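These notes are about the structure you will find just below.
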Amino acid sequence: MLTLFDYGPSANCLKVRVLLRQLGLDHERVEVDIFAGESRTDAFVALNPAGPTPALLLADGQAIAESNAILLYLAESTPFLLDDRVARAHVHQWLFFEQNLLEPNVSTARFWRLTGRDRQRPEAFERHFEAGLAALRILDAYLAGREFLVGGRYTVADIALYAYTHVAHEAGIDMSAYPAIGPWLARVEATNGFVNDLKPYPANARVPS
Ligand SMILES: N[C@@H](CCC(=O)N[C@@H](CS)C(=O)NCC(=O)O)C(=O)O
């Protein structure tokens with residue numbers, strides 16, 4: 001049995017929940033309250049030395065962390081990953097893009113905006129916001145005329161990029177500037193077994209106003 005160490009409001013965790021369901025894999029889910037320090041306990045750091053959720057514990061006791069590494073592990077030998085070497089490299093390319101350029105900026109801007117941290121650090125917020133716009137421009141330009149990111153097929157690249165792109169408006173970003181993104185999000189949501197169960201941030205994630 002697989003065990004997912006999960007945080008409901010995390011779109012990084014959502015990626016893994018989406019794929020586990022689409023693959024129909026039985027799993028247990030353990031909620032980790034990251035704002036209560038549960039992702040920094042010795043037991044959790046034994047699963048993920050870096051700390052954050054998600055982490056996936058395999059039946060044999062080995063653990064895998066980093067949302068995109070978990071996606072690649074689960075997608076091995078399934079239609080969610082491509083066999084062709086270059087196509088597979090393109091999946092990896094988009095996963096790195098997501099982690100290097102999109103997620104650190106769109107996710108941070110959204111999280112700060114939703115929890116009041118943007119008021120505490122307005123200049124840093126602005127930097128993340130602007131860098132998020134630049135990442136979305138790249139994604140939008142690439143998606144124009146394409147159904148999915150790689151090989152004309154829905155893959156883990158789409159799951160990874162969907163995660164924070166579909167909530168980018170919650171950072172205050174005007175998504176009408178990216179005409180190819182909305183229809184692509186809808187195509188992702190229309191794939192078989194796709195469920196978006198992203199939770200709102202709870203009160204303990206917010207800073208006092
Ligand atoms: N690069 C990591 C980022 C994961 C991440 O930032 N997780 C956040 C929730 S979205 C978390 O659990 N933070 C708590 C912590 O760092 O202790 C991934 O893709 O899995």
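For the reader, a short list of remarks on this structure follows.
- For the stretch 59-104, the pair-distance distribution built from all alpha carbon pairs, in bins 5 Å wide starting at 0, is 5, 19, 25, 25, 14, 9, 2 percent.
- Sequence of Ile159, Ile70, Ile173, Ile138 once ranked by neighbouring C-beta atoms within 10 Å, starting from the fewest: Ile138, Ile173, Ile70, Ile159
- Charge dipole magnitude, Cβ of K and R +1, D and E -1 - the chain, Cα centre, debye nearest 20: 400 debye
- Put in order of Cβ neighbour count within 10 Å, fewest first, the listed residues Phe5, Phe125 become Phe125, Phe5.
- Of the residues Thr53, Ile64, Thr78, the one whose Cα sits farthest toward the positive end of the charge dipole of the stretch 1-94, with +1 on the Cβ of Lys and Arg and -1 on the Cβ of Asp and Glu, is Thr78.
- Computed log₁₀ I(q)/I(0) - Debye formula, equal Cα scatterers, no solvent, the stretch 147-201, q 0.16 Å⁻¹: -0.50
- Helical content alone sets the calculated 222 nm signal of the chain at -13500 deg cm²/dmol, taking -39,500 (n - 2.57) per DSSP H segment of four or more residues and averaging over every residue.
- Ranking of Ser107, Ser77 by count of other Cβ atoms within 10 Å, fewest first: Ser77, Ser107
- Rounded to the nearest 20 debye, dipole of the stretch 85-189 from Cβ charges on Lys, Arg, Asp, Glu: 240 debye
- Considering only Leu114, Leu149, Tyr162, and ranking their Cα positions along the charge dipole of the chain that arises from unit charges at the beta-carbon of Lys, Arg, Asp and Glu, the one farthest toward the positive end is Leu114.
- Chain lengthening between Arg40 and Arg187 when straightened (0.36 nm per residue, less Cα-Cα): 49.3 nm
- Its residue count N sets the reference 2.2 N^0.38 Å, and the alpha-carbon radius of gyration of the stretch 85-189 equals 1.07 times that reference.
- Euclidean distance between Cα centres, the stretch 69-110 to the stretch 17-45, Å: 19 Å
- Shape category assigned to the chain from the gyration tensor of Cα positions, a/c cut at 1.5: oblate
- For the stretch 1-123, fraction of C-alpha pairs farther apart than 20 Å, in %: 49 percent
- For the pair His169 and Val86, the difference between a 0.36 nm per residue extended length and the Cα-Cα distance amounts to 26.6 nm.
- Potential extension, Ala177-Asp60 segment - 0.36 nm per residue separation minus Cα distance: 37.4 nm
- Remark: relative contact order (the stretch 85-189) = 36 percent; criterion is Cα-Cα distance under 8 angstrom and separation of 6 or more residues.
Only the coordinates and a few stated rules stand behind these numbers; no lab work does. Here the structure is a predicted model, which is why all the values come from computation and not from measurement. Positions of Cβ are generated from backbone atoms using ideal geometry, with glycine treated the same way; all protein chains shown enter the neighbour counts.
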